[in-house]
1. Can you go through Gly96, Gly13, Gly38 and tell me which one is touching a strand residue (DSSP E or B) at 6+ places or on another chain (Cβ under 6 Å) and within 23 Å of Met196 (Cα to Cα)?
2. Given the conditions (1) among the small types (Gly, Ala, Ser); (2) open to solvent by 30 Å² or more (accessible area, probe 1.4 Å); (3) touching a strand residue (DSSP E or B) at 6+ places or on another chain (Cβ under 6 Å), which single one is not true for Gly134?
3. Go through segment 145-197 and give me each residue that's surrounded by fewer than 19 Cβ atoms within 10 Å (Cβ to Cβ) and of a type in the set (Asp, Glu).
4. Can you go through Thr180, Thr140 and tell me which one is within 19 Å of Val86 (Cα to Cα) and under 17 Å from the mean Cα position of the chain (by Cα)?
5. Are there any pairs with C-beta distances below 7 angstrom linking a residue in segment 62-90 that is open to solvent by 30 Å² or more (accessible area, probe 1.4 Å) to a residue that is assigned to a loop (DSSP other than H, G, I, E, B) and charged (D, E, K, R), with the two at least 6 apart or on different chains, and if so which?
6. Could you grab me the full set of residues in segment 75-106 that are within 18 Å of Cys22 (Cα to Cα) and of a type outside the set (A, V, I, L, M)?
7. Do you know which of the residues in segment 91-112 that are of a type in the set (A, V, I, L, M, F, W, C) and assigned to a helix (DSSP H, G or I) is surrounded by the fewest Cβ atoms within 10 Å (Cβ to Cβ)?
8. Identify all residues within segment 21-41 that are assigned to a loop (DSSP other than H, G, I, E, B), out of contact with any Ser or Thr (no Cβ under 8 Å at 6 or more places or on another chain) and at pLDDT 95 or above; write none if there are none.
Amino acid sequence: SQICVGALGAKHGDTVIDACSCPGSKSFGSAIKMENKGRILAFDLHESKLRLIDKSAERLGIEIIESAARDGRDFDPSLEGVADRVLCDVPCSGLGVIAKKPEIRYKDMADFARLPEIQYAILENCSRYVKKGGVLVYSTCTVLPEENEKNVLAFLDSHKEFEAVDFVVGEIRSVGGMLTLTPDEYMTDGFFVAKMKRREGN
């Protein structure tokens, strides 16, 4: 998850939107990189989960996180073009973390069929919050192309105002702005991270 924070690259004074924030590790990691200066809007569909973010932020001495219950698919006109960086760590099948959550193997794969549609809707909606020259990061904890590369490529194909940009976190490098982490290659769980930038002129 902190590779995702590294790709996002939040800086001192930025305005950041973490669209699907719970349990909050990416918001906390970004706040630390921002030296607790700026603004992080931490949204999640379930209001009850946001209390965990608020309590943890208080414990960590983080003062720049504002939490609120939001559906990432629903547009908020007051946020259009306000964010330097937007993170969409979307709900996914979770197959990349099956080692930690073995119960996933018993789920009906048919339950995952609508996920790409939901993920794309969140990505497309939240992209409207990115200011010109700003950064948009899409991530999941799965390795299925339908939830990862296919969503990102479809988005870039229909949103020419965005372009994929490569990123480096430690010794890990993306290719074409996208990175799939797997246990055999990186000794991690299965994750996917893609970084995009809104063109200055759009």
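The values are calculated or read from the model by the stated rules, or taken from the named source; none is laboratory data. Predicted model, so just to flag it, every value in this text is computed and none were measured. We place every Cβ from the backbone using ideal geometry, glycine too, and count neighbours over all the protein chains shown. For the accessible areas, the whole protein counts, side chains as well, though only heavy atoms, and no ligand, DNA or RNA atoms are used. Shrake-Rupley method; radii C 1.70, N 1.55, O 1.52, S 1.80 Å.
1. Numbers: Gly13 fails: touching a strand residue (DSSP E or B) at 6+ places or on another chain (Cβ under 6 Å); Gly38 fails: touching a strand residue (DSSP E or B) at 6+ places or on another chain (Cβ under 6 Å).
Of Gly96, Gly13, Gly38, the one residue that is touching a strand residue (DSSP E or B) at 6+ places or on another chain (Cβ under 6 Å) and within 23 Å of Met196 (Cα to Cα) is Gly96.
2. The failed condition is (2).
3. Passing the criteria: Glu146, Glu149, Asp157, Glu161, Glu163, Asp166, Glu171, Asp184, Glu185.
4. The conditions single out Thr140.
5. Asp84/Asp14
6. Arg85, Cys88, Asp89, Pro91, Cys92, Ser93, Gly94, Gly96, Lys100, Lys101
7. Residue satisfying both the conditions and the ranking: Ala110.
8. Met34, Glu35, Asn36, Lys37
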